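The next block holds one structure in the form of structure tokens; read it before the comments.
The values are calculated or read from the model by the stated rules, or taken from the named source; none is laboratory data. Computed from a predicted model, the values in this text were never measured in an experiment. Note that we place each Cβ from the backbone using ideal geometry, even for glycine, and neighbour counts take in every protein chain shown.
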Amino acid sequence: MSTVAVIDYGMGNLHSIVKALQHAAPEVNVVCVSDADTILGADRVVFPGVGAIRDCMQALNQSGLSAVIQQVAKSTPLLGICLGMQALLTDSEENNGTRCLDVFAGHVVHFPESLTDNDGNSLKIPHMGWNQVHQLHQHPLWEDIPQDSRFYFVHSYYAQPNETAVMVATTQYPDAFTCALAHNNVFAVQFHPEKSQAVGLQLLKNFLHWDGQV
Amino acid sequence: MSLAKRIIPCLDVDNGRVVKGVKFVDIRDAGDPVEIARRYDREGADEITFLDITATHDNRDTIVHVVEQVASEVFIPLTVGGGIRTLEDIRRMLNAGADKVGINSAAVVNPNFVREASERFGSQCIVVAIDAKKVSAPGEPNQWEIFTHGGRKPTGINAIEWAKKMVDFGAGEILLTSMDRDGTREGFDLPLTRAISEAVTVPVIASGGVGNLDHLADGVIEGKADAVLAASIFHFAEYTIEQAKQHMASRGIEVRL
């Protein structure tokens, strides 16, 4: 039986992601953990997160999990979700600038103020709800997920990676931003697959069967 | 390609059963919440909201069990409102599997509760529920006041000012209910919805008064709502969520089909 470790660093509830992983692949052993050995020994690792980046990075740095995640990113299939994705960039402008894990070179920035849609209506921040994910490259995690499927988003900041090669999907709000990043054994998404009904469960299932190869 | 407008069925839960009242009285039984939530998920609901109207503290555990059961098999966002008064109440609901909580009366009693809650759990999970009633006379410029305790208690607070303040305090979303329209099936209070939606930067969910599918579309087109919430038209199977979405799409609204 393969094991997936969901990293628990005390930020928010992990109920949804654990239940969704169990639902997506009942044969997989899902564990919620904070200890380094279990995370490093797992077949796959999920790095979730909601809330503010400063609290997130503080929790990771104090517990020593920062180094563990950087280690996992070199070797084991890793899925970053929402704040867990943002934390993989070099830094974020949230909370007056926060150093992050630098797994992907680039920044996390806030949506510009006073955005408007085509009809001139102001766009709301946070970007909340179901938006389309446009796949830029083939990837094992997109298997059986139709192009431009809608996933559930809730965020006010987004990733701006330095390398276009790591961008695997974009979403428009109103301009295109990077909503999924991938490099070798790491895949990271801004949206919430655990809250995105059938397509979300499919993505989690794909991850739970992924060998980390592209 | 853009963000879809959301349809949110609301389940008023009393002691573990879904009920629906008209203007907060005359309550009718509409069934088992877990079963109904499953059906809405299959039909394509974008989120589900539970409103716990249970009066006694002893029965609060019931809603926690309902959320736990639904969250184990329904993978869309879940919101729980009703009786959320402390950070501990919020923590319990999130641990049970809720993604957001709705805060109503407790915010009026102590606005700082919203600030503390959003700092602790993140704005993304704090929905401030506003029950508003028109207080201006016919012919006068529109004015709405907020009410608490299921619409029974006036507060003297202007609804638009209150919505802005709640966003400043960290609300990630506003759930706006017209007390004049709730349960009437006459449609949303569109001027109210539009006024609030244009006054705040966060998404606004329109609620109260939906009687047919055009009302949902009007809430988005004329009311400028980001999401529309309805209860009875879905519970008693008058319309499915899918029919509602098809209808909104036919009126040019972007929806998740």
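You will find that of A:ASN184, A:ASN131, A:ASN162, the residue that is polar (S, T, N, Q), at pLDDT 95 or above and surrounded by 16 or more Cβ atoms within 10 Å (Cβ to Cβ) is A:ASN131 and no other. Within region B:78-110, the set of residues being within 14 Å of chain A (Cβ to nearest Cβ), assigned to a loop (DSSP other than H, G, I, E, B), in contact with a strand residue (DSSP E or B) (Cβ under 6 Å, 6 or more places away or on another chain) and of a type outside the set (D, E, K, R) comprises B:ALA98 only. When region A:160-179 is filtered for residues that are within 14 Å of chain B (Cβ to nearest Cβ), assigned to a strand (DSSP E or B) and among the hydroxyl-bearing types (Ser, Thr, Tyr), the ones remaining, listed by number, are A:THR170, A:THR171.
Can you name the number of the only condition in (1) within 19 Å of B:ASP189 (Cβ to Cβ); (2) surrounded by 21 or more Cβ atoms within 10 Å (Cβ to Cβ) that B:LEU213 fails? Every condition holds for B:LEU213 apart from (2).
Checking each residue in region B:196-232 for being of a type in the set (Val, Ile, Thr) and touching a strand residue (DSSP E or B) at 6+ places or on another chain (Cβ under 9 Å) picks out B:ILE196, B:VAL200, B:THR201, B:VAL202, B:VAL204, B:ILE205, B:VAL210, B:VAL220, B:VAL228.
Conditions tested, residue by residue: (1) under 19 Å from B:VAL18 (Cα atoms); (2) modelled with pLDDT of 95 or more.
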| residue | (1), (2) |
| --- | --- |
| B:ILE48 | yes, yes |
| B:THR56 | yes, no |
| B:ILE90 | no, no |
| B:ALA96 | yes, no |
| B:ASN110 | no, yes |
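Of the helices (runs of 4 or more DSSP H) lying entirely inside region A:1-95, those carrying at least 2 residues that are away from chain B (no Cβ under 14 Å) and under 19 Å from B:ARG120 (Cβ atoms) are A:53-63.
Of note, B:LYS245 does not satisfy the criterion of being farther than 14 Å from B:ARG185 by Cα and surrounded by fewer than 23 Cβ atoms within 10 Å (Cβ to Cβ).
If I filter region A:97-150 down to residues being farther than 30 Å from B:LYS164 by Cβ and of a type in the set (Val, Ile, Thr), which single residue comes out as farthest from the chain's Cα centre (by Cα)? Among those residues, the one meeting the criterion is A:ILE145. Checked against the criteria, B:GLU198 does not count as more than 14 Å from every other protein chain (Cβ to nearest Cβ) and either part of a loop (DSSP other than H, G, I, E, B) or more than 23 Å from B:ASP99 (Cβ to Cβ) (or both). Evaluating B:GLY223 against the criteria (1) away from chain A (no Cβ under 11 Å); (2) in a helix (DSSP H, G or I); (3) more than 15 Å from B:VAL127 (Cβ to Cβ) leaves one unmet condition, (2).
Tallying residues that are crowded, with 20+ Cβ neighbours inside 10 Å and either in contact (Cβ under 8 Å) with a residue 40 or more places away in the chain or part of a strand (DSSP E or B) (or both) within region A:110-128 yields 2. Is one or more of the residues making up region A:149-159 within 21 Å of A:GLN202 (Cβ to Cβ), more than 7 Å from every other protein chain (Cβ to nearest Cβ) and surrounded by fewer than 24 Cβ atoms within 10 Å (Cβ to Cβ)? Yes - at least one qualifying residue is present in region A:149-159. The number of residues in region B:165-193 being within 19 Å of B:VAL135 (Cα to Cα), of a type in the set (D, E, K, R) and over 16 Å from the mean Cα position of the chain (by Cα) comes to 1. How many of the residues in region B:175-216 are basic (Lys, Arg) and under 24 Å from A:LYS124 (Cα atoms)? So the answer is 1.
A quick yes/no check of all residues on (1) β-branched (Val, Ile, Thr); (2) surrounded by 22 or more Cβ atoms within 10 Å (Cβ to Cβ); (3) touching a Leu at 6+ places or on another chain (Cβ under 7 Å):
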position	(1), (2), (3)
B:ASN142	no, no, no
B:ILE146	yes, yes, no
B:LYS165	no, no, no
B:ALA171	no, yes, no
B:THR177	yes, yes, no
B:ASP180	no, no, no
B:ARG185	no, no, no
B:PHE188	no, yes, no
B:ILE196	yes, yes, yes
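The requirement of being within 26 Å of A:SER156 (Cβ to Cβ), facing chain A (nearest Cβ under 9 Å) and surrounded by fewer than 22 Cβ atoms within 10 Å (Cβ to Cβ) is satisfied by B:GLU119.
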